[in-house]
Structures are given as structure tokens and as C-alpha cells.
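Worksheet: the structure to be examined is printed underneath.
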Amino acid sequence: MKVKQVFSAYNFQERNSLRNRYCSGCGEECVKKEAGGRERDSCPSCGLIHYENPSPAVSILLVKDEKVLLGKRAHGSFKEGLWCLPCGFIEFDEDFLTAARREVQEETGLISEIESIISVMSNYLTPNLHTIVIVLLAHVIDGELCPGDDLDEVQWFSFSGVLPQMAFEADENIIARYWNTRIKGIPVDEDF
């Protein structure tokens, strides 16, 4: 199976840069200025350059008995009513492994052990939401399956069966790639 790691829900190459009208550092009105080979919003007062960077996130492929765990996205969440792997943003004060374990527990009620990194992906979801996602393979070590956080339902699905309608193309790719290759990935830091 061919490796795919860049997913786009819209034509991100035609996207216009967002405008930071006011500086997040001092509140002064920003101006356009060349920095790093691109025109960027910059503060003429304090010099802060407003970079547009993707948000770091994790997605966790939980596997048990030839099944994968998926969650149905809750009302009011992005892509509500569709299914996805447990996932979420990495908080500023946590490493990606801690974020992955936290997201699994918040969304599913389960305690997981991370086995490996199986991919890293770029997702262009909306003009305002670009993510870099670290995809991790994990298994359950404790807990009781129960939807939480931004999921209405959690359920194990057979790899060989039909999956529900998925929220993210990247998740479909991750599941298919794992099922077809049984990729082991690269080990993670066991001290975290």
C-alpha cells in the first residue's frame, strides 16, 4: 500500500493568508513585512512577527482482537456525527505521548499504552485549521469503555468489516494501511 501523509479537505494552495490585525503581544496594529521569504503580519511597535503554523495533534490507533476503536464525534464538535480515531491537540505543557494517553482516557475512558509511532501527517482541514498529526499505535491496559469529551459514542470495529462514515480521510488511510501492512512503527520513549 502506498504511503500517504498529506491530506487536504480543500485546496490549501489557493488559501489566502489570514490577517492578524492587531499584535498579540502589545495590541498595536500590525503591518505586512517580509520575514523568512514570505510576507507576514508584523508589529511595528514591539517587532513581533505573527507566523501561521499548523497545530500539533495526536491520533491513536487502538487495536484489540483484529478490531480498531472509533468514536462518533459529538454534537457541536468539528465534523459532528462522523467517526474518527481518538485524537486531539497537544497542549503546550505536555509531550506528545502524554497528550495521546490523555486524549484516549478523556474520549474513551480507557488507559492505554503507546507502542510506536506509525506515521506523521499534515492535514489541511479548513482555511483556519491545519494540523501536524503524530499517529501512534497503542493497546488498552485498563479502564472501562465509555464515551467522553467530544465523543457521543465509542465502539470497536472489525478491520475486515465495513467502517462507519469517517470524519477524516487520514483516519481511513491509517486504518487501511495498518490492516494491509501490520506496520510496527518506530519505538517510543518508554520513560514517558
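The values are calculated or read from the model by the stated rules, or taken from the named source; none is laboratory data. Predicted model only: the values in this text are computed from it and were never measured. No Cβ is skipped: glycine too gets one built from the backbone with ideal geometry, and neighbour counts run over all protein chains shown. These accessible areas exclude ligands, DNA and RNA; they are computed on the full protein's heavy atoms, side chains included. Shrake-Rupley method; radii C 1.70, N 1.55, O 1.52, S 1.80 Å.
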Testing E66 on (1) free of Cβ contacts under 8 Å to residues at least 60 places away in the same chain; (2) of a type outside the set (S, T, Y); (3) touching a strand residue (DSSP E or B) at 6+ places or on another chain (Cβ under 8 Å); (4) open to solvent by 50 Å² or more (accessible area, probe 1.4 Å), one condition comes back false. Which one is that?
(1)
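For every residue, the table says whether it meets (1) surrounded by 11 or more Cβ atoms within 10 Å (Cβ to Cβ); (2) touching a helix residue (DSSP H, G or I) at 6+ places or on another chain (Cβ under 7 Å).
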{"residue": "C23", "(1), (2)": "yes, no"}
{"residue": "E34", "(1), (2)": "no, no"}
{"residue": "S42", "(1), (2)": "yes, no"}
{"residue": "V58", "(1), (2)": "yes, yes"}
Strands (runs of 3 or more DSSP E) contained in the stretch 1-83 and holding at least 1 residues within 16 Å of the chain's Cα centre (by Cα):
6-8, 55-64, 67-73
